[in-house]
1. Do we find that I459 is over 18 Å from Y23 (Cα atoms), of a type outside the set (D, E, K, R) and not assigned by TED's automatic domain parsing to the domain that holds Q303 in this structure?
2. Which members of region 332-372 meet the condition of being within 27 Å of E111 (Cα to Cα), in contact with a helix residue (DSSP H, G or I) (Cβ under 9 Å, 6 or more places away or on another chain) and of a type in the set (D, E, K, R)?
3. Among the residues of region 357-409, write down those that are within 24 Å of the chain's Cα centre (by Cα), of a type in the set (S, T, N, Q) and within 24 Å of D457 (Cα to Cα).
4. Determine whether region 261-279 contains at least one residue that is within 30 Å of Y107 (Cβ to Cβ), outside the structural domain of G145 (by TED's automatic domain parsing) and not aromatic (F, W, Y).
5. Within region 1-52, count every residue that is more than 23 Å from F68 (Cα to Cα) and of a type in the set (A, V, I, L, M).
6. Which of (1) part of a loop (DSSP other than H, G, I, E, B); (2) crowded, with 21+ Cβ neighbours inside 10 Å; (3) modelled with pLDDT of 95 or more does G525 not meet, given it meets every other one?
7. Which residues, counting only those in region 500-522, are among the β-branched types (V, I, T), closer than 13 Å to V272 by Cβ and buried (at least 24 other Cβ atoms within 10 Å of the Cβ)?
8. Of the residues in region 125-142, how many are charged (D, E, K, R) and without any contact (Cβ under 8 Å) to a residue 60 or more places away in the chain?
Amino acid sequence: MADMTFDAVVIGGGQKTLVTAIYLAKYGKMKVGIFEERHELGGGWGTHEAPAPGFAGNSHASTLEDWFFLPLQRDFPDIEEKGVKLLNLKCGLGIILKEDQSCLPFYHIPEDPTGEKQAAAVARFAGEKDAETWWKMYEVSKPGGSMWHAFMDDIFNLPPPDGQPGYFERWFLEDMKRPGSLSNKRLLALPANYAVKEMWEHPGMQYLALRRIKAAGMPTEAAGGPSLFILPFFLMYVSLLKGGTHSAAHACARIFLENGGRFFTKSKVDNVLIENGKATGIRLSDGTEVAAKLVVSGTDPYQLCFDLIGPDHLDAGIMRKIANLERTLSCITWYTWALHEAPDYQAADYNQDINETHWVILGSRNVEDLIMESYWRRLGKLPPNMEIVNFHHHTRADRTQAPDGKHTVGSEIHTVDATRMSEREWMDYKKRHAEETMRTWQEYMRNMSWDNVIGYDAITPYDTAHRQRNMAPYGNLTIVDKFPGQLPPFVPIQEWGDHRIRPIENLYGTSSAWGIYDGAHTGQGYTCYKAIAQDLGLAQPWDGHPW
């Protein structure tokens, strides 16, 4: 006899399963229990006092996009007052070129509602030809544009049935028919590191596009050319959450509790209970058995397959596919710096708005360096020259993340996976990388030295792998790489792409391993509830809406 009983049990209280859980509790009218191995809920929505006393550091997700919470903002109208308060600077993302300290910031829509200011900035930075290309891309990707709708449909809807193209793919094929379109058949076949050179003339635009695609978890030599079209989403819409990304976890937890949910931390799940091909609950590591009508797993596909289910219930072909998923390419360092003064970029002499930009790429005209860096990591080796760094300027928009008059800045680069070095080697790497980051910083900033640093928190793939078990053993922030054959409807594998863990009934999976794009958005948790609602006839608050 079970020790506890729920309508639904959720394995892991990460950002995706939290979203599924609040929909099950409020709209599914279910008694829901979350069982989380760590000491708190939130997963990648994590913020802690880290670089120095009084300074907030985001342990995983840091920057967000304006569209990340769209379904929740509609279906949970009080979510902002509960903590999901998005803040923006004047500009979302920008790039500075090392060679001449020229720069290009990208303005948030409220700062440039017509797009004309941005087109002029691109023309000044890269020339009229690239400004024309940008304008064509902007017209379809701005809110309400045809590609904007297609991308939102892909994020917040279940994948179409087998044999039918996805929403973004369908848009691309239709857009090819439009006179003057940038879409063409060649782009379908080209990897991104070739496609950027055909789409953009200026090397700075090539570097920007390729670097941002890689930051979205898409390997530069693998991501298809059509991925370039989603670039505006990651340039103009960059935001942050007031108080840090853990604010979203607190907001969802409050909604969950208000709707009768219960959660249990420090509660490791050992396996899913399966009888006659149906999931009937879970067993914890202490032997506790929890019965349920359905089970939702937020673990990574490998852990779900081999640890929680096992070979007695899965076809050997499915297990082989899961075993061979590429999971080593999207591993990053994640540093938070506590500073006396906010960075003052030399490039502000070129365009002062670069100092009002949330995410700044320190780039160059040599896009080949970026491409070679990816090849080195594919070999499992650190590149001989450090990749130039991205910086996120949190306290320029959110003064709550540091003491009065002080600042926090986040930095990141991609690096090798956690298994490539020992714990001691990763400890040495942390200090070495901090020194390299400072040297790079000083090439672009007027006021950066160790005298300006109060402290820093260094998170490597090794730390990530040991902190977030669904990112182990490699420390991969995307869990499963966005790689050919690992994109919808084949992510994580085709049999599980709609969250239904076939052939087991009443078992569902969700995490950043699902969907067209990883990141800290709510899409995979929302679409997981959609699958459950379809199967069980639960309330569907999206009726009458495009997603």
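The values are calculated or read from the model by the stated rules, or taken from the named source; none is laboratory data. This is a predicted model, so every value here is computed, not measured. Glycine gets a Cβ as well: all are built from the backbone with ideal geometry, and neighbour counts include every protein chain shown.
1. On the way: over 18 Å from Y23 (Cα atoms): yes; of a type outside the set (D, E, K, R): yes; not assigned by TED's automatic domain parsing to the domain that holds Q303: yes.
So I459 fits the description; yes.
2. E341, D344, D353, E356
3. Hits for region 357-409 are T357, N390, T395, T400, Q401, T408.
4. Taking region 261-279 and keeping what is within 30 Å of Y107 (Cβ to Cβ), we get none.
Within region 261-279, none of the residues are within 30 Å of Y107 (Cβ to Cβ), outside the structural domain of G145 (by TED's automatic domain parsing) and not aromatic (F, W, Y).
5. Step one: list which residues in region 1-52 are more than 23 Å from F68 (Cα to Cα), which gives 1-9, 29-33, 35-39, 49-52.
Subset that is of a type in the set (A, V, I, L, M): 1-2, 4, 8-9, 30, 32, 50, 52.
Qualifying residue count, region 1-52: 9.
6. (1)
7. Going through region 500-522, the residues among the β-branched types (V, I, T) turn out to be 501, 504, 510, 516, 522.
Next cut, closer than 13 Å to V272 by Cβ only: 501, 504.
Result: I501, single match.
8. Filtering region 125-142 down to residues charged (D, E, K, R) leaves 128-130, 132, 136, 139, 142.
Now drop any that are not without any contact (Cβ under 8 Å) to a residue 60 or more places away in the chain, which leaves 128, 132, 136, 139.
Qualifying residue count for the region: 4.
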